[in-house]
Amino acid sequence: MDNMNSPSPAFAGRVLLVSNDAIAIEQLSESMQRFALFPDQCPDVASALERLKRVKFEAVVVDFQLGRQAAAVLEGARQSASNEHAVIFTVSGSEAEAAEAFKAGSTFVLRRPLSATSIDLSLKAAYGLIVRERRRYFRCPVEVPVVILRTAMQTVHGHTVNISEGGMSVTAAVPLGPGDQAQLQFNLPGDEFQFVLESTVCWAKERRLGLQFLSPHQTSKLQEWLSRRLEDAMPQSVMDKFSTLPQD
């Protein structure tokens with residue numbers, strides 16, 4: 001049954017799990033939950049391809065027991081604008097299937113018979129990649145003052161609604177519309193660094209603006225802050241497993 005529930009805020013990544021093997025689904029789901037990963041199960045290739053078109057996933061697990069069409073899920077992920085960087089796992093039952101999985105673009109191959117230990121080891125090896133992919137799309141709700149500057153326009157003061165690596169949403173009474181550019185100045189909680197970011201307006205609705213950042217030289221500072229916020233949201237039991245993970 002396709003799981004349509006939403007994950008809790010304290011999750012490291014959403015995983016598309018494509019399999020019709022009840023035992024494998026149970027084993028994989030239990031391991032994922034230990035790592036604060038949210039499994040979204042699809043029983044067949046067709047429904048998985050539809051999910052890839054509508055939902056952002058940090059990882060995809062495909063059971064090659066589904067047959068020759070299983071490789072189509074890997075191709076579908078790579079052709080999806082939002083899922084092209086997802087971490088790909090495949091479940092194989094033979095050397096031939098494993099070779100086919102790697103050829104199709106799998107990053108990690110889980111060999112049958114599956115066990116909690118083997119699944120956990122693969123998830124741990126991939127965890128840094130999964131969290132990094134989660135961070136790329138992570139929108140952190142945060143309300144801080146923001147100064148909006150534009151040539152020939154009076155300085156406007158507003159407040160952030162949320163922020164991601166690529167942009168932010170703000171509330172402000174400002175005469176800007178899609179395509180307009182403005183400079184944003186703000187500080188984030190727990191960080192003394194002042195961000196000064198050039199941006200362009202993506203959408204405007206009443207007193208709300210969606211802005212895309214145009215200042216890549218400050219991306220690393222924003223990534224560091226978002227990474228800390230993601231870590232703060234993780235269960236301590238998960239963070240204890242990765243206290244020695246290198247930072248990207």
Mind telling me which of the residues Gln212, Gln181, Gln154, Gln247 ends up being open to solvent by 80 Å² or more (accessible area, probe 1.4 Å) and either of a type in the set (Asp, Glu) or modelled with pLDDT under 85 (or both)?
Gln247
Which listed residue is touching a Phe, Trp or Tyr at 6+ places or on another chain (Cβ under 8 Å) and closer than 17 Å to Trp203 by Cβ, from Gly93, Gly179, Gly167:
Gly167
Under 25 Å from the mean Cα position of the chain (by Cα) and among the hydroxyl-bearing types (Ser, Thr, Tyr): does that describe Thr160?
yes
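Going by what's in this entry, would Val91 be described as touching a His at 6+ places or on another chain (Cβ under 8 Å) and at pLDDT 95 or above? Full working, then the answer.
Values: touching a His at 6+ places or on another chain (Cβ under 8 Å): no; at pLDDT 95 or above: yes.
When the stated conditions are applied, Val91 does not pass them.
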Every listed condition ((1) over 26 Å from the mean Cα position of the chain (by Cα); (2) within 14 Å of Trp225 (Cα to Cα); (3) assigned to a strand (DSSP E or B)) holds for Gln183 save (2)
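Let's see how each residue does on (1) within 13 Å of Phe57 (Cα to Cα); (2) among the polar types (S, T, N, Q):
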| residue | (1), (2) |
| --- | --- |
| Ala71 | no, no |
| Gly76 | yes, no |
| Ser80 | yes, yes |
| Phe89 | yes, no |
| Ser92 | no, yes |
| Ala98 | no, no |
| Ser106 | no, yes |
| Val109 | no, no |
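Among the residues of the range 157-175, which ones are open to solvent by 20 Å² or more (accessible area, probe 1.4 Å) and farther than 18 Å from Glu224 by Cα?
Those that are open to solvent by 20 Å² or more (accessible area, probe 1.4 Å) and farther than 18 Å from Glu224 by Cα: His157, His159, Val161, Thr171, Ala173, Val174, Pro175.
The values are calculated or read from the model by the stated rules, or taken from the named source; none is laboratory data. Note that the structure is a prediction, hence the values are computed from the model and not measured. Cβ sites come from the backbone with ideal geometry, for glycine too, and all protein chains shown count toward neighbours. Remember, those area values only see protein heavy atoms, side chains included, never the ligands or the DNA or RNA. Shrake-Rupley method; radii C 1.70, N 1.55, O 1.52, S 1.80 Å.
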